[in-house]
Every structure is written in C-alpha cells, then in structure tokens.
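Okay, so here's the structure we're looking at.
The values are calculated or read from the model by the stated rules, or taken from the named source; none is laboratory data. Owing to the predicted nature of the structure, the values given are computational and were not obtained by experimental measurement. We place every Cβ from the backbone using ideal geometry, glycine too, and count neighbours over all the protein chains shown. Just so you know, the surface numbers come from the protein's heavy atoms only, side chains and all, with ligands and any DNA or RNA stripped out. Shrake-Rupley method; radii C 1.70, N 1.55, O 1.52, S 1.80 Å.
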Amino acid sequence: MNDKALKILEFNKITELLTARAESDPAKHMCEKLRPSSKPDWIQRSLDETEAAVERTFKYGTVSFGSNRDFGYTLKSLSVEQSLSIPELLHIASFLENTARVKDYGLNGSSNNNRNNDSSDAEDDETSGGDILTSLFEELTPLPIIASEIRRIIISEDEISDHASPELASIRRQIRLTGDKIHTQLNSMINGSVRTYLQDPVITMRGDRYCIPVKSEYKNQVPGMVHDQSSTGSTFFIEPAAVVELNNKLKTLASDEQREIERIIAELSASVGEHAEDIAVNCKHMTRLDFIYARAKLALDMRAIRPVYNDKRIIRLIKGRHPLIDPAKVVPIDVSLGDEFDMLIITGPNTGGKTVSLKTVGLLTLMGQAGLFIPAGDRSELSLFTEVYADIGDEQSIEQSLSTFSSHMTNIVDILKSANEQSLCLFDELGAGTDPTEGAALATAILDSLHTRSIRTMATTHYSELKVYALSTPGVENASCEFDVEKLCPTYRLLVGVPGRSNAFAISKKLGLSDEIIESAHLHMTEDQENFEELMADLDRRRLNMERKELELAEDAKRIENDQKQLDTTKEKLDLSRDKVLKEAREEAKRILQEAKDEADATIKIFREAGPSISMRELEQARTAIREKINDNDSKISNMDIKKPDMPKGSKIDPKKIKKGESVRIISMGLDGIVVSLPDKSDKIWVQCGIIKSQVSVDDILLIDEDGQTSSGSNSSKGKQKKLSSGGNRISKTMSISTEINLLGKTVDEAIYELDKYLDDAYLAHLPSVRIVHGKGTGALRNAVAAHLKKTKYVASFRLGEYGEGDAGVTIAEFK
C-alpha cells in the first residue's frame, strides 16, 4: 500500500491510537509498523484474532502484558555464557510470572475476572474447544522453577538473600561476628583510656575501615593507622592498632562475599540460559498477544464491528463513522460502491461533508485490510484492493514551483498510470484550481477513463458538468451531502442517487445579500445552467416530500400492523371464550335434563312397585312434582347465557341492500360497528369496530338502529328482536405482561428458565410477538435462545433484529 495514501487518509493516527492501547514496548513497536495488507489469508487471520480477543475480553476481561520487553540483548548474553546483571534477572522473573498469569487467563479464564455475562461454562467455553488464540496461549512456557529460584536468591536489585548458598550464609555470619568484635573493642576504647583524645565519642568508617575521630594534638597518643583528616585539620581518623587485624579480616570476608555472589549469579544465569529458547518464544507470543489485544481494545473503544469481505470489489458501509471524529458529533453515512455502479460522484456545498465521506470510505478500507475492526453497522461489507490511491487536500509546493492545480495534476497522472481494476481511487475537488470550463472537461475525461477500465472510484466536485455525466452514464451514480438552507448548516447526511446543489444563491440571500445583486447573478448564468439548477431544486423538494411521505407511510403501516395484531389477538380470545362458554352451557343443559330424566324414572319405578294399590291422589301428587321439576329445569335452561344468540327469524340480510356507513352488530363477536366495504364475491364485508377492523360474513351480522336495537333486515319491525347480552362477548383484557424480556447478565441456564416461563405467559396473554434481548457477546446465549425457540411448539417463527431493533443482540419471536 503506497505511503502517500496512508498519509493523506491519516492511517498513521489510527496506528497512534492502537499504539496507546498496547502495554509493552515490543507490542507498541508492532503497532507503529502496522500497514494494510493485500493478502486475503493474512487479513482474515488478523480479523479472526481480533474477534477472538474481543470475545475473550467480554468473557474474562483483559490481562496485563506490561512485563514484556525486548530481551534480545539479554538472550544474546546468555548465548555466549555471560552472566546477567541482577536487574536483568529480576526482569526475567517478573516476565515469567506474568507469562504464567497470561497462560492461565488464556486457557482457564482469569481467576479475578470470571465475568461470564451471557454464557455458562458448559455451553460456551470457547477456550475448551479452542479458538485461533488458543495455540499462542498453549505455547507459552512460564518456567515457574526458574522464576522461583530467582526470587529465592535475589531480594532486590541491591540485595542477595543470605540463603542463596550455604557458603554465602557462612561468610555473612563471620562478617557479622567480626563486626561485632570490632565494635566491642572500639567501644571499650571510646569509653576508656582514649576518651579525652577524641573529637566525638563515635565510631566511623573511612575506606571500609572502622576508625575513631582523634583530635589533632593527640594523634600520637593513639597508636594506629591514620586514614583521613577533616578539612580543617583539627580531626584525624585513626584506625586503632587493636582492630587493624580485625578490619583486615573483615575486608577479606567482604571480598569472599562478593566472589560468592558472583558465583551464585553466574550459576543462576547459566540455569536461565538453559531455557533461553523458551524465553524467546514467550517473548514473541506475549508481544503478539499484546498486539492482538490492543486491536481488540481499539475495536471496543470505537464500538467497531468485523467487516464482511467479498470478492466482488463491492463496498457497502452501513452507518459508517469516521474514526478520528468525536463519536458524539460524527454523522454516520450509508454508502455503497461496486454493486449497481462502480463510480460515485459526490456534490454539494463546502464544509458539507464531501471530503469526510471520501476519507471515511478510504480509511475504513485501510483499517479492514490492516486486520482492524471498523466503526460501522452490522453486516457492513468491504472488498480487497491491492492499492488505494487518494488525491485529497492542497499539495501546493513553493520549493518545486508547483501551483495547487499542478500538484494535483501531477498526483493524478501518477494514479492514472498505476491504477488497475484492483485499485480504489479517491479524488477530492477533481479538476479544481484552473479555468472551470477546462477543469470540468478534464475531470470528465479522467473519470471516463477510470470508468472505462472498471476502476472503483469516488470523487467530489462542484462542477455541474460532472453531475450531468453521472446522470447520463450507466454505472456512474450521483451523490450529495445534504444542506439545510433554512439553518445555513450542513446535515452531513450522504444521499446516494441525488445530485447536490451549491446553494450559493440561497445561502447568500440568507446572509443578507440584496435581491438586486442575486437577480443580477442569475442573469450571468446561461439558460441551461438556470434550468439545471431549477431541476436540482425541484428534485430536492420532491426528495424531501417523498421522505416525509415515506415516514408517514411507515408510521401508518406500523399502526395498521399493530391494529391487525390486536384484532387477531382479540378474535382468538373471543373464539376461545365462545367455545368455552358453549361447552359449559351444553354440559349444564345436559346435566339438567339428566336430572329431570332421573326424577321421572324414579317416579315411574314407584308407580310400578305400588301397582293397583296406589290412589289417584298420590298419582296426581307425583305427576305435579314431576311437572314442577321439569318447569324448574326449563327455567334454568331459558335463563342460561350462552353468549352466542340465535339468529332471529326472518332477519337474514340481503347482501345487495347493504350500504357503507350502516350500523351493524357482529353476532359471533357481540360487537357493534360500521360497514366500511360492500360485500365481495363470497358475501364478506369489512366492519370497523372502534380501532378494530374485521372481515365477517353477511350471515353473521344484524342491522341495528341508533339505539342499538336490531332490525329484521329490509322491512321487519324494530324492537322485536332480543337485545344481545352486552356481557356475553366482552373482550377480556390482555394480561399485564411486557412485550420484551431482558436476559443480559444471566447464564444460559438462568436465561432459558426465565425465557421458558415468559414465553408461556406471553402466549397465554395472546401477544402476537415478543422481543428477546440477549446481547451480542460471544453468541452463545443467542444460539441457546434460538435452540429453545425451535423446540417451543407455539412459536411460529423467529428472527434476529433488524437495524434499529437491536441488530444481532435481539431476537424477535412470533407466536402461532
């Protein structure tokens, strides 16, 4: 990839952001050297590594690689059997200890960060199955014995443990004993015979020898060796003869101690040298892991996603954001290139976002080919380009006597020579900096040359001629950056398929330029230019109207969909309620009739058993009792509310006489409404009942008057029909249950248990569909939810959320 394009598109600032997220110096160096690649295998592997690191970060958090450093010189010293310094050995110990922590994190999960927010150990242990990073973690060799031995021997950079060796322990014990003897001897002298000769009653050191400060006039009174004197000459530091031998012995012991320490360090260095190859491999893998996790951290900080790569040279960015603009201010853009058209010409006013759109496409292409995630929406696509060429910005050169136009044209000439079908070309203000007529002609010719060679190209311009070229050339598309003339500010929205306007006259008028000057400016434009600008203005107005209408239609469609779902739910509830009531009524009628039959059978049996001896009075009493029982049962049956009244005789309606706007009653539902359509071929009409619109058969309705009384159709008398029971088919209220369940932060077992119960409640409440929030994470919880929905019989279908519904972090389930 050419360095000029990397500089123009500011790829170096991306590597700076990446470097800031690496922890060790070797990894920072790798970040600084990162360049886009044209090798598909390398790109896919890098993206796989970044994705695996992101997933592990979600599962276990991050791990530190800060102890890693460049051990090249240290390992080279070990290869020639040279002893290491104490700091070098401590660095190796720290590095090996951190290597052990990183390996444990990679293979088992961090013991301090078991934050598995959306999976269980049993079902989502990516590391047990292994991902692309597993081999790097497995090949780490912590060497705990070496690290422990270094810590046992070396306490700090300035101190070796007494227990480093038995010999060192013995030497230091003798040093302490000899020192004690010297102090005892000198203390006895200070407190005894020479006290009056001393400047101060203290023991001091001069040249590793114990001395006492003697006044200059008494220096001959204290036998011994003079090692120093004060700057004034009033004090001599004398080593008394009584401790000379002990001081000599102490110095000898100190030399022995140093030799023993050097021997210990040499032996320890040799032990470390035996594992130099393992340390080198550890350093290599730790550096690479630090580099990979830096890419993951950058992806998370940018809220970036993994791009989908295709081999058709198609770029399709959904909600793409420039990574160097403040996330709170950046306006996402939707842009495609290479599918229906291979060239996109962007027009619009200055500071409207044309150059930012150009740089966004170029920079995100470079980031993807460098193995980095891109700040865009899910399912955004990129393609592999062997080169990205960019001519953006002012490259005027005083030293080379190049004007702005000349410098741009020099760059463009180089691009035209080098570009091919596998290249992506980006031009900002193509043809600017010279005579507009000639500049427009040159720009058109350059773009036509690239278009003829099927080179993917994006260009920005102010020339109307290029707008016409895009409108008249197949495979070339216009785009514009929207500008709000009322507010005098750009919206930064990229509108593909819509040629832009400069809005110079409108902006000038808003800023206070007089109408006379603006009218005069119009006179200087040709008729074709005027017509073209008017056409653009008309297209812009139509676009805005269409967008408003589309928004209104979308809202209406959503409202209609909700009404239909509510209608379906209500109808289903009514059907269930009606069937239940009818069943209960039939069972109750059957029971009552059975009681009457049993009573009659019992009476007849009594008559038969009594024979001729029974009197007429008794027979009459029994007959009266049976009649009263039957009348009582008839009364119970007649008083039963069966919910679905019989059609009154003679009330059948002639379909041809039904008119729109007539008031009717739907018999099966017990609802009153207004006819909104005439009968179709199957004698079915649409009736509006409040917010519910139902299609019913003509046989299932009754005409009603303004008081709610039914009529017999065209000529039957009013008021003779029974009024339907208002309570018979009353719509039961939907259960108080949310249309959404949030499973974030739960394990698979917890989430599936709650989901199963929630689905039962939602289905019983007759909700048409529900929204299940499970997050993106590693995808395990999403897969578990999908598996459970497949096994749930009353779920008709389910799908992942669309953009605006939660994307892949949400599943929408619809019931049967």
Give the accessible area for Phe815 in Å² (nearest 10); use a 1.4 Å probe, count only protein heavy atoms, and leave out ligands, DNA and RNA.
20
Taking amide hydrogens as modeled 1.01 Å from N in the peptide plane, which residues meet the under 5 Å criterion relative to Leu671, leaving out close sequence neighbours?
Ile666
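In segment 230-317, which GluC sites (Glu not before Pro) fall in coil by DSSP and have 14 or fewer other Cβ atoms within 10 Å?
Glu274
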Between Ile305 and residues 5 or more places away or on another chain, which pairs have amide H atoms under 5 Å apart, with H built 1.01 Å from N, and which residues are they?
Ile374, Ala376
So what are the ³J(HN,Hα) numbers for segment 77-84, from phi and the Karplus equation (6.51, -1.76, 1.60; θ = phi - 60°), rounded to whole Hz, Gly and Pro as x?
5, 5, 5, 9, 6, 9, 5, 8
Suppose every Lys and Arg Cβ carries +1 and every Asp and Glu Cβ carries -1, with no other charges. What dipole size does segment 151-258 come out with about its Cα centre, to the nearest 20 debye?
260
Whole-Hz couplings from phi, Karplus 6.51/-1.76/1.60, listed for segment 791-801; x for Gly and Pro
7, 8, 5, 8, 8, 6, 6, 8, 7, 6, x
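Find the relative contact order for segment 148-243 and round it to a whole percent, using C-alpha pairs within less than 8 Å whose residues are 6+ positions apart.
Computed value for segment 148-243: 18 percent relative contact order.
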Sites Asp448 and Asp104 - FRET efficiency at Förster radius 60 Å, r taken between beta-carbons, to 0.05
0.45
With a 1.4 Å probe and all protein chains kept in place, how do Leu6, Leu551 rank by accessible area, largest first?
Leu551, Leu6
Quick one: go through segment 454-484 and flag any residue whose amide nitrogen is under 20 Å from the point 7 Å out along the Cα-to-Cβ line of Glu550.
471, 476-484
What's the Cα-based Rg to Rh of segment 244-369, Rh via Kirkwood?
1.48
Could you compute the net charge surrounding Lys28? Neighbours are other residues with a C-beta less than 12 Å from the C-beta of Lys28; K and R count +1, D and E count -1.
-3
Inter-label distance, nm, simple model (7 Å from Cα along the C-beta direction), Glu138/Ser418
4.3
Between Lys509 and Ala241, what is the label-to-label distance in nm when each label sits 7 Å out along the Cα-to-Cβ direction?
11.9
Under a point spin-label approximation (7 Å from Cα along Cα-to-Cβ), what is the Asn562-Lys660 distance to one decimal in nm?
2.7
At a temperature of 20 °C and a viscosity of 1.002 mPa s, determine how fast segment 766-812 diffuses translationally according to Stokes-Einstein, using the Kirkwood radius over alpha-carbon pairs as Rh; express D in µm²/s, rounded to the nearest whole number.
195
Too long for a 22 Å Cα-Cα cut-off, among Lys13/Lys59; Lys659/Lys681; Lys13/Lys329; Lys558/Lys757; Lys565/Lys684, are Lys13/Lys59; Lys558/Lys757
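Do any GluC sites (Glu not before Pro) in segment 368-469 lie in a loop, going by DSSP, with at most 12 other beta-carbon atoms within 10 Å of their beta carbon, and if so which?
Loop-located and lightly packed - Glu399, Glu421.
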With the radius of gyration and the Kirkwood radius both derived from the Cα set of segment 13-110, what is their ratio Rg to Rh?
1.04
Can you give the Rg and Dmax of segment 178-231 based on its C-alpha atoms, in angstrom?
10.7, 31
